[in-house]
Amino acid sequence: MTTASAAPTPQPQHPVSTVRLERRRLLVDGVARILMAGEVHYFRLRREDWADRLDKLVASGCDAVAAYMPWIVHETRDGGIDLTGATSEYRDLVGFLDMAAERGLLVIARPGPFVMAELKNEGIPYRVYRDHPDAVPLGWEGKPAPSATLDYLEPGYLADVAERWYGAIMPVLAGRQVGQGGPVVAVQLDNEVGMLSWVTNSPELSDSFLAEVAAKTDATLGREAAVERFGADPKDVDGWNTWWRSGGTAGTEAQQLSVHHEIGAHHRERYAGYLRRLHEVSLAHGLDVPFLVNLHGTGGGRGRTFPIGISQLSQAYAGVAQMTSGSDHYLGELTVENVPDLYTINTFMAAVHDADQPLTSLEFEAGTGDYGEDISRLYSPETVELKTRLCVAQGNRLISYYLFSGGHNPPLDEPVGDGNDRVAFTGERHGFAAPVDPEGGLNPSYATLTSAVRAVHGAEHLLADMDEDHDDVLLAFAPDHFLTEYTHPAAQRRREVVADLERFRGMGARDVLARALLLGGFAFGSNDLSGAATSAGADLDPAGPVVALASPPVLGRAAQQRLADFVSAGGRLLLNGLLPTLDEDGTACTVLADALGLAAGDRVEGTPHHFPSVRSTDWAGPQPEVRVGVLQHLEATGSTTVETLVRDVAADAPVGVHVSLAGGGCAIVLACDYPCHLGFWQSLLGRLGVTRHLVTEGSTPGLVASTTTDRDGQRLLHLVNVAPVGQAFTVAVDGSLLADGAEIRLPARSGLMLPIDVQLDGAVLRWSTAELDGAGDASTVLLNRGDEPGRALLETDREVAVDGGGHVTRTAGGWLVSWPGGAAGEQLRVRLS
């Protein structure tokens with residue numbers, strides 16, 4: 001192999017020395033930070049345009065630049081790797097890194113080998129497919145996958161990645177990492193691993209994959225038990241391979257389900273092995289910065305399927321030191337429909353993180369949404385700010401806006417005759433929707449992105465070392481509920497089970513469980529119901545929060561046992577959906593139902609001519625009869641005390657019950673898709689002892705409210721209004737009215753991040769109706785003045801003065817600072833003298 005790029009010693013010296021992950025914080029030189037980044041594709045810009053795009057990134061307030069580094073771009077026609085621009089300006093990665101460092105920007109390196117980004121072969125050189133034909137995986141019935149993907153663990157491909165591509169690029173990144181005078185602050189390993197196989201329903205059923213499954217099965221089950229469970233003999237290679245590629249469709253229902261489950265589970269093990277191999281290679285080249293794994297899974301403006309990505313890849317990073325995951329979400333407008341999706345994405349990601357792994361977002365959608373360059377959709381500019389505010393409230397420590405700047409697609413080194421012979425399939429221009437367009441112009445989303453970054457940086461000195469305050473409830477994450485990406489076309493029973501899982505899992509039927517929690521005013525965390533040892537929420541504490549689970553009929557025996565033990569020991573449980581009665585292979589499993597003293601009765605589905613309806617009993621006060629899409633009758637079978645909460649109107653049978661166990665535990669099972677009546681759900685949670693630490697009196701649906709707190713008790717109140725109408729409300733925090741009960745006004749589709757109990761030198765900023773606009777110093781508070789008149793209260797014996805158009809009044813409670821409206825964006829400086 002020839003290599004056209006040595007890695008010269010970096011010239012610019014970046015001031016950052018260390019970046020570490022600790023206590024779910026991102027520590028930069030030991031200080032908790034929130035890094036705001038934007039993706040700029042140097043390989044889609046002429047060298048002369050780099051300075052303009054990076055300057056626009058700096059002007060937006062961002063601290064870092066993220067960049068894919070595509071193998072297909074940097075590999076030359078003769079098989080060499082050019083990283084210095086010796087053969088093309090589009091390949092001058094070294095020059096781009098040094099220019100970023102000159103501007104004080106940190107760099108998030110994304111070297112693939114897969115990078116997607118609308119590149120041909122997802123960024124893999126054409127040569128790799130020619131050189132390693134065995135790496136092209138076979139799917140159902142032994143047919144090649146329709147997408148340009150590869151078997152990640154095929155030895156030839158893996159060696160090519162490690163020796164040729166990583167062998168060239170990792171020394172360059174290591175020589176320019178922080179601590180070595182360079183700007184590289186983190187490295188992403190590969191990209192969206194497993195996504196292509198998932199979206200095409202094409203499991204990677206190569207001979208090697210099936211040989212691994214056979215060996216594992218024979219070792220763990222033995223030959224006879226393997227035949228009984230899966231329907232095939234692991235010693236019969238041809239028969240085994242044919243059977244698995246048929247999805248076990250000729251076997252029993254249990255065998256069919258077991259084959260599909262094992263296919264998904266083994267993919268997860270292989271993905272973990274692949275990413276950890278890339279990690280080992282990177283470490284061997286001297287990288288000593290955090291590593292990131294990019295999680296995929298949104299679609300159609302929703303996040304229902306995002307937990308599939310978590311389920312696929314969490315084994316790769318769970319418990320690995322200095323490695324964490326990052327979200328990759330495309331949700332379009334943030335509205336009452338999908339704001340629970342984004343909130344739940346973050347909670348489920350956190351559920352599988354260990355005590356040091358923070359949340360990050362590696363592809364944070366920014367721009368107009370006009371991805372097809374056909375003006376078929378345009379997102380409102382403020383949506384990027386709404387999403388930013390929500391994510392930082394939940395503990396995101398790194399947000400990278402994708403795509404920040406557009407560009408153009410240069411020609412391929414070697415024409416392939418595919419119609420455009422460029423590196424990507426989008427034509428000459430790329431990134432039409434980005435805040436900075438391909439020609440360097442700004443669209444309206446640039447201003448709101450800049451506003452969002454200002455809001456985060458204004459409170460970063462507090463926010464970066466804070467955690468979100470949760471109410472006494474967790475929304476459980478069951479990873480195996482999302483092991484659904486593969487279904488053989490002829491596997492009828494598998495399709496039925498997957499349909500039920502997709503209908504009831506995660507956020508609940510019609511997404512109502514998560515939506516009712518969030519829009520009902522509950523800030524919730526999550527736990528990993530699989531009980532993985534690295535999960536921060538793996539141990540269900542009977543004395544801890546209520547565990548809420550969106551429950552399909554299928555719930556694995558181990559998970560059912562954990563919940564049964566939890567409730568029997570005094571825990572509180574909320575099940576919404578259907579009563580779990582099946583194990584993962586479709587066989588009967590009623591461990592949890594038996595512990596609750598319940599049995600599943602008739603399941604009634606709505607049709608175009610039949611409208612199942614339910615009514616709450618008197619416990620919740622007057623409630624209307626409501627139509628539901630599905631209900632299930634519940635029957636008491638044991639010695640537990642069962643109170644009916646909701647009845648099927650037609651059959652007068654229970655569909656919602658409150659179960660009290662002898663050990664002090666209790667459970668509510670709501671076996672129907674009850675509508676999102678917020679008062680009903682608040683009452684339901686109240687029966688389990690859950691109260692809201694924040695009450696926004698007067699608000700309407702669409703307001704999301706939460707607080708973050710640091711170890712000193714300093715707080716930020718986060719208010720995000722995704723509704724199309726303005727809000728006017730009071731806020732009570734832990735029972736105490738904020739701002740003496742003054743009404744807070746929040747325009748449609750806007751947000752606020754308000755300080756509470758912020759400590760100064762001999763003073764406390766009790767509250768402010770304006771956001772912080774920087775750290776100030778021990779005797780100064782900096783506020784970002786808004787459109788509306790505002791106030792702030794300081795408790796201190798020192799004199800207080802204000803610069804920037806306000807005035808100060810001494811009151812019994814302290815010093816009241818007030819200012820008129822009409823000067824949005826102006827900074828107010830409140831000084832202690």
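The values are calculated or read from the model by the stated rules, or taken from the named source; none is laboratory data. Computed from a predicted structure; not experimentally measured. Here Cβ is always computed from backbone atoms with ideal geometry, including for glycine, and neighbour counts include all displayed protein chains. For accessibility, only protein heavy atoms count, side chains too; no ligands or nucleic acids. Shrake-Rupley method; radii C 1.70, N 1.55, O 1.52, S 1.80 Å.
Side notes on the structure shown:
- Ranked by solvent-accessible area (1.4 Å probe, protein heavy atoms only, all chains present), the residues Arg47, Arg268, Arg245 order from largest to smallest as Arg47, Arg245, Arg268.
- Taking 7 Å steps out from each Cα toward its Cβ at Leu283 and Glu118 produces label points 3.8 nm apart.
- Calculated P(r) of the range 484-627 - Cα pairs past 27 Å, %: 28 percent
- Of the Cα atoms belonging to the range 216-286, the radius of gyration and Dmax stand at 15.7, 52 Å.
- A cut-off of 5 Å between modelled amide H atoms, ignoring neighbours fewer than 5 places along the same chain, links Thr617 with Val646, Arg647.
- Where Trp140, Trp240 fall by accessible area, highest first, once all protein chains stay in place (1.4 Å): Trp140, Trp240
- Proportion of all alpha-carbon pairs of the range 371-435 beyond 19 Å (%): 51 percent
- Rg/Rh, computed from the Cα trace of the range 404-514 with Rh as the Kirkwood radius, has the value 1.17.
- Here Glu228 sits with roughly 140 square angstrom of accessible surface, probe radius 1.4 Å.
- Excluding same-chain neighbours fewer than eight residues apart, the lysines reachable from Lys216 by a Cα-Cα span under 19 Å are Lys235.
- Each of Asn294, His430, Asn420 was scored by the projection of its Cα onto the charge dipole of the range 289-435, and the greatest displacement toward the positive side belongs to Asn294; charges sit on the C-beta of Lys, Arg, Asp and Glu.
- Distance in nm between pseudo-label sites at Glu697 and Asp602 (7 Å out along the Cβ direction from Cα): 4.7 nm
- Helical segments meeting 27 Å axial Cα length and Kyte-Doolittle -1.0 threshold in the chain (DSSP H): 253-284
- Remark: the Lys216-Arg77 segment gains 45.9 nm on full extension, using 0.36 nm per residue and subtracting the alpha carbon distance.
- Expressed as a whole percent, the accessible area of the chain that falls on carbon and sulfur atoms is 50 (1.4 Å probe).
- Cα centroid separation, the range 383-415 to the range 146-194 (Å): 20 Å
- Mean accessible surface per residue for the chain, computed with a 1.4 Å probe while every protein chain stays in place, in Å²: 34 Å²
- Accessible surface of Phe114 - all protein chains present, 1.4 Å probe, nearest 10 Å²: 0 Å²
- Whole-number D in µm²/s for the range 584-649 (Stokes-Einstein; Kirkwood sum over Cα pairs; 20 °C, 1.002 mPa s): 156 µm²/s
- Annotation: His329 carries an accessible surface of approximately 0 Å², with a 1.4 Å probe and no ligand, DNA or RNA atoms counted.
- Beta bridges assigned by DSSP with both partners in the chain are antiparallel in approximately 65 percent of cases.
- Residues of type lysines that Lys120 reaches as a straight line, Cα spacing below 30 Å, ignoring anything fewer than 8 places off in the same chain: Lys56, Lys143
- Here is the P(r) of the range 468-543: all C-alpha pair distances, binned every 10 Å from 0, give 17, 39, 31, 12, 2 in whole percents.
- Quotient of Cα Rg and 2.2 N^0.38 Å for the range 657-733, N being how many residues it contains: 1.42
- nm² value of the averaged projected area, convex hull over the Cα atoms of the range 20-117: 7.3 nm²
- In the chain, helical runs assigned H by DSSP with n ≥ 4 each contribute -39500 (n - 2.57); averaged across all residues and rounded to the nearest 500, the mean residue ellipticity at 222 nm is -8000 deg cm²/dmol.
- Cross-link reach is defined here as a Cα-Cα straight distance under 16 Å, omitting same-chain residues fewer than 8 places apart; for Lys387 none of the lysines meet it.
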